1. Pick out the long, greasy-scoring helices in the chain: whole DSSP H runs spanning 24 Å or more along their own axis by Cα, mean Kyte-Doolittle at least -0.5.
2. At a Cα cut-off below 17 Å, give the lysines reachable from LYS90, other chains included and same-chain residues fewer than 8 away excluded.
3. Can you give the calculated 222 nm mean residue ellipticity of the chain, where each DSSP H run of n ≥ 4 adds -39,500 (n - 2.57) and the sum is split over every residue, rounded to the nearest 500 deg cm²/dmol?
4. List, largest first, the extents of the alpha carbons of the stretch 232-355 along their principal axes, each in whole Å.
5. In terms of the Cα gyration tensor, with a ≥ b ≥ c the square roots of its eigenvalues, is the stretch 117-222 rounded because a/c is under 1.5, prolate because a/b exceeds b/c, or oblate?
6. Normalised by the residues of the chain, what does the relative contact order come to in percent, with Cα pairs under 8 Å and at least six apart?
7. Taking H placed 1.01 Å from N in the peptide plane, check which residues at least 5 places from ASN437 or on another chain put their amide H under 5 Å from its amide H.
8. With a point put 7 Å past each Cα toward its Cβ, work out how far GLU326 is from GLU475 in nm, to one decimal.
Amino acid sequence: MPLLGLDIGTSGTKALLIDEDGRVLAGATARHTVQRPAPGHSEQDAAKWWTAVGRATRAVMSEAELGKDDVKAIGLSGQMHGAVFLGDKKKGARGADLVPLRPAILWNDQRAVPQCGDVVDAAGGRKKLIARTGSPALPGFQAPKALWVREHEPDVWGATKKLLLPKDYVRYRLTHELAAEPSDASGTGLYHVKKRRWHRKLIQKLGLDPDLLPVCADDSHSPTGGLTAGAARSLGIASGTPVVGGAGDQAAGAIGMGIVRAGLASATLGTSGVVFAHADRFEAEPGGRLHTMCHAVEGAWCVFGCMLSAAGSLAWWNEAVAEGTEVGDLVKEAEKAGASATDGLYFLPYLTGERCPHPDPDARGCFLGLNPSHGRGAMTRALLEGVGYGMAVQVKLLREQLKLPVDRLRMAGGGSRSGLWRQVLADAADAPTVLTNAAADAPAYGVALLAGVGAGVWSSVQEATAGIEESTRQEPDEAATKRHACRMAQHDRLYAALRPEFPRLAARSENAAA
């Protein structure tokens, strides 16, 4: 029987059906947009995720010509770190008992910078926080955002009954069960990643009620409930169909690319840019530039970096200067311009602040070194290279700081469709890039596999991923690798030189929008 994977992303919700041999039967995406009501703010209406889930699911069920009794199990993935504040519905309203009290605050929201200090203090210092949660305090994580709402929106906070992650809100709409799982909970700032449980001591020191958080399952593949009758009608799938724990989008995408044992790593060029490696033991990067979290592989961990604006930078550039032009045509212009077009030209991809390699919410994006010879193609190529450098630094940190082998990078995300971008990363990171048979839809594919493990189709995640195949390998070019090494050093110097100015620039943009 087919398995359904749902991925609640930033730009849209993906539904993917696969069979019990791992073959893709149908896929569909329902788009949604991000609202930015103030500089540094990033929000979405959680109710629109639910609408998108219904649209995408009905589309794949129709495409695959399936009936309501034909889906064996459902897996959930979603954008990490988001905060959905749930409270009681209005008297007489239909639907679930708990409803969103405000728009969800997303992973790339930067408003809670001041509250990060409160999290560090409650943990007994930055070093202790990283040693337990695997990450520093970051404004995009749930913990500081909860403190921000408590401080700035006391009415919302006072009415909040539960705090959920994006995919877990969708789980609630599907099953009426309030549940989480380790891979996504690891990105809240409230989870003891080393011990694989909620960090109750930290939660209490922050003055938060532990009952605000859902029960966290022990693994990512076990069922957490079944479809309610209402959800079944919305999706066109039978009531009671099991919904497994699933995974945050990074762990889910890694499963979808077969990153399930030591030595394997992936690179995802989505809205954000992530390099992800499997780890058999917990070890945190002391500088806090990388995150150590629970993997969706039972008993394993993962280490990854995240730059906030990867393909998101290209989407911004396309909208800003090439309205009506396909993104693919922009990339063709960059390829035609050639490597020498970016000599002396750099792009710092910090449009929404940065996490890795520079944990700096005030950082801002910029082109540097422009002269009259630089056209749109050269600037696009500089943008692709600037993102590639951020990703390459993540590879370097994995290799040098945590001694994790990265012999090749399995690629995913919309940006991975570009051969030029894959080559830039291969050259900058000095590691071959490869595609897999489900690279474009890796998170949805990964949680469909997890659904199969939970439903007994496969005995383990390793067995479920055994059929994932590599293709389209691109090797690093020695001369290009040397060129990019010099450019990356200059790129770092430019950030260092501008860093003192970024807080002032950030403050001015906020004041201008006020």
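1. Those that clear 24 Å and a mean of -0.5 are 46-63, 376-400.
2. By straight Cα distance, LYS90 reaches LYS161, LYS162.
3. -11500 deg cm²/dmol
4. 53, 47, 25
5. It comes out oblate by the Cα gyration axes.
6. 16
7. Amide H neighbours of ASN437: GLU469.
8. It works out to 3.1 nm between the two label points.
Bear in mind these aren't lab numbers, they're just calculated from the coordinates by the rules spelled out. Bear in mind the structure is a predicted one, so any value in this text is a computation, not a measurement. So basically every Cβ, Gly included, is an ideal-geometry build from the backbone, and we count neighbours across all protein chains shown.
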